[in-house]
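Working notes, beginning with the structure itself.
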Amino acid sequence: MKGKYTQLIIDIVYSKQCVKKSVLVDEIAKAIGEPKDIVDRNVDEILTRLVRRGVLKRPYKGIYCRP
């Protein structure tokens, strides 16, 4: 399931250039059909990993962009 989250996050951020974390959580919760609190925890963990690996950039707190 984590791979599906990861790909959704990358697709959303790359299509919009920059996006807030709350928008990511809303869109993924709607797409997958899971409660927002569960999605929020998973998204937080995955975003941290993607920023560390250089796939995404975090210019401000809560904002994620294409590198």
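Residue order by solvent-accessible surface for ARG53, ARG58, ARG66 is ARG53, ARG58, ARG66, largest first, with ligands and nucleic acids left out and a 1.4 Å probe.
At full extension, SER22 and VAL51 could sit 8.8 nm farther apart than now, given 0.36 nm per residue minus the alpha carbon distance.
Here is the tail figure for the chain: Cα pairs spaced more than 15 Å apart come to 42 percent of all pairs. For the chain, the mean residue ellipticity at 222 nm estimated from helices alone is -22000 deg cm²/dmol, where every DSSP H run of n ≥ 4 contributes -39500 (n - 2.57) and the total is divided by all residues, rounded to the nearest 500. Here the accessible area is traced with a 1.4 Å probe on the protein chains. For the chain, carbon and sulfur cover 51 percent of it. Within the same chain, lysines fewer than 8 places from LYS61 are excluded, and of the rest, those with a Cα less than 18 Å from its Cα are LYS16, LYS20, LYS21. Per residue, the solvent-accessible area of the chain (1.4 Å probe, heavy atoms of protein chains only, all protein chains present) comes to 64 Å².
Leaving ligands and nucleic acids out of the surface, order ASP37, ASP26 by accessible area at 1.4 Å, largest first.
ASP37, ASP26
The values are calculated or read from the model by the stated rules, or taken from the named source; none is laboratory data. Owing to the predicted nature of the structure, the values given are computational and were not obtained by experimental measurement. The area values use the complete protein model at the heavy-atom level, side chains included, leaving out ligands, DNA and RNA. Shrake-Rupley method; radii C 1.70, N 1.55, O 1.52, S 1.80 Å.
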